[in-house]
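So the structure is just underneath, and the comments pick up after that.
The values are calculated or read from the model by the stated rules, or taken from the named source; none is laboratory data. It should be emphasised that the depicted structure is a prediction, and the values quoted were computed from it without experimental measurement. Cβ coordinates were reconstructed from backbone atoms using ideal geometry, including for glycine residues, and neighbour counts include every protein chain displayed.
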Amino acid sequence: MSAANKISNNKATPDVEVAIIGTGFAGLGMAIRLKQDGQDSFVLLERADEVGGTWRDNHYPGAACDVPSHLYSFSFAPNPDWSRKYPTQPELYRYLRKVANDHGLYPHIRFNSNLENATYDEANGLWRVVTGSGDITARSLVMGSGGLAEPKLPDIPGVESFQGKTFHSSRWDHDYDLAGKRVAVIGTGASAIQLVPEIAKQAGRLDVYQRTPNWIIPRNDRAYLDAEKTLFRKLPLTRQLHRAAIYWGHESRVMGLVLNPKLMTLFQKLAEWHIRRQVKDKALRDIVTPDYTIGCKRILISNDWYPALQQPNVELVTDGIREIRANSIVTADGTEREIDVLIFATGFYATENPIADRVHGRDGESLAHAWRDGEEAYLGTLVNGFPNLYFIIGPNTGLGHTSMIFMIETQVDYIARLLALRNKAGGKVLEVRPEVQARYNERLQARLGSSIWATGCDSWYKHKSGKITALWPGFTFEFRLRARRFNQQDYLID
Ligand code: N01
């Protein structure tokens, strides 16, 4: 019987050594590393019926990644055949299923297993995990459940009274035909700027509700030539050099974002030029131009957003939404716009993720309670009070400038080393010392306080307390060096 099918026996010996939540880049990367380390006693618990995480869920029209494909992929699973500079969702989804298959992970996965509850059993030093498909106990629990996985719906008066068709950008209903319909999209973030140009081609009328404009720079996308793909395949060194060039190009953006925000004026000039070039109407130009310094919110890339807003069937609405009614949206100026479809491109629970209510550490404390003043962890991975619990893409590991896969691989390696450290010490339980976690976060917040993200804009990078809880404030290689430089004294091993 494979580990994935075993049922909890309620005994002190766990069913599996490691339970991993999620099968996106994080969960798959962790599972592959465990296999490489000779650990076969693990299970992947997946809420859906296929692997892929964010690239399975976000299949809205036009969905693609804004980090180049050769960087936005596992270092150990290169794909010389990426079709474009920026990978599309179908291509990334295909890539992840292939990686899972190539590494023999499918037998380890329990699909349709949404995490309902995970509780640390102090007496036995293990985690008791309850899922939609049954219970399991595990010595260690790895949360690879994603930083942007839970859709957030806006808290607008009357939203529940809407009678037409409605869905979130990450839960797209492709069976619903938008052709000729009156459509409203709320939100103008990374998801909206990709889907609006696509659905503008079908909708009879499209109202786009903008609360805050974003800075947008040109998307220099292109297809890879067959000759390049052949070169990457035959001479892997050329692909590696290409990847390294992309990595360092993106890494240099930290200079502006963190070290010297004044350097961001260069990016801002590029974004302003992009608006001037694509928007001739002065009134529209004014309302799409942000009033905060570029970089404070995520910088977006698009060539077709501004042109889409100028299509005759599209209206950019900037008056605040006062109310949603059965078949319409009413704005602050009293205008009522009738609609058939309401699409929420309103983002995700980057902070206060509901999953934190379902994870309970020592003395039954929920993660949500431990994080009531804002999420924090040690190296985005460990939280005192939650022994043997490991996060991938935990607090302060997000990036405003480059590929999350680099951070994921760093954390996977760190967790694998911690598991080896604990085993070597003959222990069953590992936990970060509270003072180590506190010191780390104090310094982190001091650095974040002088970064561009603290310069006066609201974003999903921040907890409601104002604390920046989503972002890592530096070069990614610094994070990697810190995760590698091991000090055994930082951990309690029992
Ligand atoms: O979500 P968002 P997203 N009334 O939170 C608006 C990654 N990603 O899904 O700015 C009115 O960015 C909100 O307005 P405001 C990427 O990391 C990557 O677009 O808060 N409006 C905003 O305009 C990205 O950053 C890719 O004032 C409301 C929008 O909804 C992250 O995912 C593609 C509102 C939400 O934008 C999230 O992007 C897609 C309300 N009550 C996503 N509530 C690529 O790689 C929210 N809004 C290309």
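Per-structure values
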| quantity | calculated |
| --- | --- |
| Residue satisfying condition, being surrounded by fewer than 17 Cβ atoms within 10 Å (Cβ to Cβ), more than 16 Å from the ligand (Cβ to nearest atom) and modelled with pLDDT under 95, within set R447, R443 | R447 |
| Segments classed as strands (runs of 3 or more DSSP E), wholly inside segment 287-354, with at least 1 members that are surrounded by 15 or more Cβ atoms within 10 Å (Cβ to Cβ) and either at pLDDT below 95 or within 11 Å of the ligand (Cβ to nearest atom) (or both) | 314-317, 321-324, 328-331, 341-344 |
| Scan of segment 26-82 for residues that are assigned to a strand (DSSP E or B), under 30 Å from R219 (Cα atoms) and among the β-branched types (V, I, T), ordered by number | none |
| Residue identified as within 15 Å of the ligand (Cβ to nearest atom), in contact with an Asp or Glu (Cβ under 8 Å, 6 or more places away or on another chain) and among the small types (G, A, S) among G62, G22 | G62 |
| Hey, T238 part of a helix (DSSP H, G or I) and over 23 Å from A190 (Cβ atoms) or not | yes |
| Some residue of segment 405-420 being assigned by TED's automatic domain parsing to the domain that holds G27, in a loop (DSSP other than H, G, I, E, B) and of a type outside the set (G, A, S) | no |
| Pairs, first in the same structural domain as P387 (by TED's automatic domain parsing) in segment 138-154, second part of a strand (DSSP E or B) and of a type in the set (S, T, Y), C-beta under 8 Å, six or more apart | S140/Y390; L141/Y390; V142/Y390; M143/Y390 |
| Scope segment 185-204; condition more than 8 Å from the ligand (Cβ to nearest atom) and not basic (K, R); matching residues | V185, L195, V196, P197, E198, I199, A200, Q202, A203, G204 |
| Segment 421-456, residues that are part of a helix (DSSP H, G or I), touching a residue at least 40 places away in the same chain (Cβ under 8 Å) and of a type in the set (S, T, N, Q) | Q437, N441 |
| Lone qualifier among T23, T54 - being buried (at least 24 other Cβ atoms within 10 Å of the Cβ) and under 17 Å from the mean Cα position of the chain (by Cα) | T23 |
| Residue among L235, L225 that alone is over 30 Å from R277 (Cβ atoms), surrounded by fewer than 20 Cβ atoms within 10 Å (Cβ to Cβ) and either within 14 Å of the ligand (Cβ to nearest atom) or of a type in the set (A, V, I, L, M, F, W, C) (or both) | L235 |
| Filtered residues of segment 269-307 (kept if touching a helix residue (DSSP H, G or I) at 6+ places or on another chain (Cβ under 8 Å), of a type outside the set (S, T, N, Q) and closer than 20 Å to R253 by Cβ) | H274, I294, G295, C296, R298, I299, L300 |
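This table checks each residue for (1) in contact (Cβ under 8 Å) with a residue 60 or more places away in the chain; (2) more than 13 Å from the ligand (Cβ to nearest atom); (3) closer than 21 Å to W55 by Cα; (4) not in a loop (DSSP other than H, G, I, E, B).
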residue	(1), (2), (3), (4)
E160	no, yes, no, yes
S170	yes, no, yes, yes
V183	yes, yes, no, yes
L206	yes, yes, no, yes
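This table checks each residue for (1) within 25 Å of the chain's Cα centre (by Cα); (2) closer than 27 Å to I299 by Cα; (3) at pLDDT below 95.
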| position | (1), (2), (3) |
| --- | --- |
| R33 | yes, no, no |
| G38 | no, no, no |
| Y60 | yes, yes, no |
| A64 | yes, yes, no |
| S69 | yes, yes, no |
| K85 | yes, yes, no |
